[in-house]
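The structure appears below as structure tokens.
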Amino acid sequence: MLEQLQELRARAARALDEAVTAEQLEQWRQEYLGRRGALTVALRGLGQLPADQRPAAGRIANEVKTSLEQAYEARAEAVRQAALVEELARGALDVRLPGRPQSVGYLHLSTQTLREIQAIFSQMGFQVLRSGEVEDDATNFQLLNMPPDHPARDMWSTFYLNVPGLLLRTHTSPGQVHAMRRYHPESIRVILPGKCYRYEQVTQRHEFQFFQVEGLALGHGITMADLKGTLVNFARQMFGAERRLRFRPSYFPFTEPSAEADMDCIICGSKGCPLCKYTGWLEILGCGMVHPNVLRGGGYDPDEYSGFAFGMGPERIAMLKHGISDIRTFFANDLRFLQQFA
Ligand SMILES: [Zn+2]
């Protein structure tokens, strides 16, 4: 009986080694451990042994049963693992992505235009000066000849900060005050580029934030002829050597006299077209001689000094130069628009 059990154990172990699929494994289980399996049958035969042999035979039989059960579990686990590995290998995906091309950045059209403007004026001896976007009421308005009740303020609604008296500048003209205080009593030739804010309804021609470039030349004996010469030179470098300018009387609180500078239409050459609204002229900037009150506010004596100032919008300049009809495209972050100027 004992030999029979040992022989059964050896036979079962060999058969188990040959079981490589789940089906073969199940078949093995039924064959040896099942209700009609070889081991079960052998265990039933224990009852027919003589009484003195039964305990030893029972112990061996239990050992064989336990060892076969353990071997079965181990084999079943190995078969499951092998099946899993095979399954993964069969359904494997190559998840590696092709490399991403390096994209080289480029400057926004506003910045490009700003730099072009800066380059032209720096050739004429203007240096670039920057001042903050947050100003107080005095610098943004009062020192530019707009006392608190001045009607011209109606054109400049803006965003006020929580701190009383502070606001986002409505124009770059406060930079004139900063320049005068910084350089007094020297002569000044600066351009002041930067971002401005107005509480505007956003339309094709108006944005609530936009760039401006202010210019200021101040010294002894500066006249309107200097102003005209400087701006004509600018227009010709920016838009072509054949450009002509005309100066139309206008009003700004901080200049006297004041003018709007119009350039002959770059599309029709003054014959009339939709761009110039059939006038033949395009407005490009505002300018004038610095108002005596502004000079005084900056510490310069108007009897001794004179100067001119101008202000233009780089977006407006870029719109004219590239035939762009809607200012909102500058900040709409649509790459189809921006990439045209890469
Ligand atoms: Zn035209």
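The values are calculated or read from the model by the stated rules, or taken from the named source; none is laboratory data. Note that this is a predicted model, so its numbers are computed, not measured. All Cβ positions, even for glycine, are placed from backbone atoms using ideal geometry, and neighbour counts span all protein chains on display. These accessible areas exclude ligands, DNA and RNA; they are computed on the full protein's heavy atoms, side chains included. Shrake-Rupley method; radii C 1.70, N 1.55, O 1.52, S 1.80 Å.
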Segment 16-166: radius of gyration over Cα atoms, expressed as a fraction of 2.2 N^0.38 Å: 3.10
Once every DSSP H run of n ≥ 4 in the chain is given -39500 (n - 2.57) and the sum is divided by its residues, what mean residue ellipticity at 222 nm do you get, rounded to the nearest 500 deg cm²/dmol? -12500 deg cm²/dmol
The chain - Cys residues lacking any other Cys C-beta under 4.7 Å: Cys196, Cys287
Output ordering of 287-296, 199-208 (per-residue mean of other Cβ within 10 Å, highest first) is 287-296, 199-208
If the only charges are +1 at each Lys and Arg Cβ and -1 at each Asp and Glu Cβ, what is the size of the charge dipole of segment 162-273 around the Cα centre, to the nearest 20 debye? 120 debye
Of the residues Thr21, Thr230, Thr329, which exhibits the maximal mean-square fluctuation in a Gaussian network model of the chain defined by a 10 Å Cα contact cut-off? Thr21
Over 18 Å, how big is the tail of the calculated P(r) for segment 232-308, in percent of all Cα pairs? 51 percent
Sorted by mean Cβ packing within 10 Å, highest first, what order do the peptides 11-19, 300-308 take? 300-308, 11-19
Hull-based mean projected area of the chain, where the convex hull spans the alpha carbons, in square nanometres: 34.8 nm²
For the chain: relative contact order, % (alpha-carbon pairs under 8 angstrom, 6 or more apart): 15 percent
What list of whole percents do you get for P(r) of segment 140-202, with Cα-Cα distances grouped in 5 Å bins up to the one holding the largest distance? 4, 15, 23, 24, 17, 11, 5, 1, 0
Run the 1.4 Å probe and let me know the accessible area of Trp28, rounded to the nearest 10 Å². 10 Å²
Segment 178-278, Rg to Rh (Cα coordinates; Rh as Kirkwood inverse mean 1/r): 1.01
